[in-house]
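One structure below.
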Amino acid sequence: MRLGIDVGSVRIGVARSDPAGILATPLETVRRGKGDLDRIAELVAEHEAVEVIVGLPTSLSGRSGPAAAQARRFAEALAGRLSQLLPDGGVRLYDERLTTVTAEAELRRSGVRGKARRQVVDQAAAAVLLQAALDGERLTGRPPGEIVRGSS
């Protein structure tokens, strides 16, 4: 089982895969800030995750900006926090271009509006991200994205 993480400045969307790593579904929204790494570590342990995929927000041109740097720092801190639960390579960064836009569109199409959509959009974006990583791995036969080394 794998977790997908969509890191925002206020909220963190979390999704999970099925045990076979075929289908991603929304799981939870975690408030960003004090205790967020601990909550994600609890989810890793609770769901017996073997890998965490963190979204790397890259521009359409492929360039990394401030949001990408923030996601990279978060992923490094998370890898450090999870070092006892996951072996090296257990946290990866994966290109998340347009995941929130895709999640918003899917929620709109399914009739989820207003406050209800804001409450789940981060989880939905994490599910889009994780599904893309799972599909990419299945197509290429290679693990998704890049391995993140932990920082303390």
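The values are calculated or read from the model by the stated rules, or taken from the named source; none is laboratory data. Remember, it's a predicted structure, so these values are computed and weren't measured experimentally. Don't worry about glycine lacking a Cβ; one is built from the backbone with ideal geometry, like all the others, and counts go over all protein chains shown.
Candidates are the residues of segment 48-61 that are within 14 Å of the chain's Cα centre (by Cα) and of a type in the set (A, V, I, L, M, F, W, C); the one that is surrounded by the fewest Cβ atoms within 10 Å (Cβ to Cβ) is Val50.
The residue pairs whose first member lies in segment 23-47 and is at negative phi and surrounded by fewer than 16 Cβ atoms within 10 Å (Cβ to Cβ), whose second member is of a type outside the set (Gly, Ala, Ser) and in a loop (DSSP other than H, G, I, E, B), and whose beta carbons are closer than 8 Å, counting only pairs six or more residues apart or on different chains, are Thr25/Asp18; Arg31/Val10; Arg32/Val10; Ala45/Leu85. The residue pairs whose first member lies in segment 128-152 and is within 13 Å of Asp95 (Cβ to Cβ) and at pLDDT below 95, whose second member is in a helix (DSSP H, G or I) and of a type in the set (Ser, Thr, Tyr), and whose beta carbons are closer than 6 Å, counting only pairs six or more residues apart or on different chains, are Val128/Thr99; Val128/Thr102; Leu129/Thr99.
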